[in-house]
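The values are calculated or read from the model by the stated rules, or taken from the named source; none is laboratory data. Because the structure is a prediction, the values reported are computed rather than measured. Here the Cβ positions follow ideal geometry from the backbone for every residue, glycine too, while neighbour counts run over all protein chains shown.
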Amino acid sequence: MAKPIAVELSVNGREHHLFVDLTETLLTTLRDRLLLTGSKRGCNQGVCGACTVVADGVPVRACLSLTANCVGEPIKTIEGCEGDRAMSALQ
Ligand code: FES
C-alpha cells in the first residue's frame with residue numbers, strides 16, 4: 001500500500017492541507033473529506049457530468065481527476081459560485 005502524500009489544495013479560495021493516497025479522486029476529496037457535496041457522484045465514469053468542477057479555469061470531471069494532480073490548480077465547486085453575479089459554467 002502506497003504512503004499518503006501531503007498536498008495543498010486551493011478550493012473556492014481556501015487553502016487545504018491534506019494527506020491523500022495517489023489514487024484518491026478529486027471527487028472523493030471534495031465530498032468525503034472537505035464535505036463539499038455540491039459535486040455529485042453520478043456515473044463515476046466521466047460520462048454524466050454531475051461531478052464537474054472548474055480546475056484552473058477549465059471544467060473537469062472530478063471523478064476522473066486525481067487529487068494529487070490538482071496541486072497548484074485553483075479548484076472551484078458549485079459552492080464557490082455563491083455570490084457570483086454572472087452565471088458560472090458550473091451552473
Ligand atoms: Fe458522472 Fe463524474 S460522476 S462524470
Name the single residue, out of those in the stretch 1-23 being part of a strand (DSSP E or B) and either in contact with a Phe, Trp or Tyr (Cβ under 9 Å, 6 or more places away or on another chain) or among the hydroxyl-bearing types (Ser, Thr, Tyr) (or both), that is surrounded by the most Cβ atoms within 10 Å (Cβ to Cβ). VAL7
Of all residues in the stretch 54-69, count the ones that are without any contact (Cβ under 8 Å) to a residue 40 or more places away in the chain and within 10 Å of the ligand (Cβ to nearest atom). 5
Among (1) of a type outside the set (Val, Ile, Thr); (2) within 15 Å of ALA6 (Cα to Cα); (3) within 11 Å of the ligand (Cβ to nearest atom); (4) surrounded by fewer than 15 Cβ atoms within 10 Å (Cβ to Cβ), there is one condition LEU26 misses while meeting the rest; what is its number? (4)
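Conditions tested, residue by residue: (1) more than 23 Å from VAL7 (Cα to Cα); (2) in contact with a helix residue (DSSP H, G or I) (Cβ under 8 Å, 6 or more places away or on another chain); (3) loosely packed, with under 15 Cβ neighbours inside 10 Å.
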| residue | (1), (2), (3) |
| --- | --- |
| LEU36 | no, yes, no |
| LYS40 | no, no, no |
| PRO59 | no, no, yes |
| SER65 | no, yes, no |
| ASN69 | no, no, yes |
| ILE78 | no, no, no |
Do we find a residue being part of a helix (DSSP H, G or I), closer than 21 Å to SER88 by Cβ and at pLDDT 95 or above anywhere in the stretch 36-51? no
Got at least one residue in the stretch 71-79 being touching a strand residue (DSSP E or B) at 6+ places or on another chain (Cβ under 7 Å) and either within 15 Å of the ligand (Cβ to nearest atom) or of a type in the set (Ser, Thr, Tyr) (or both)? yes
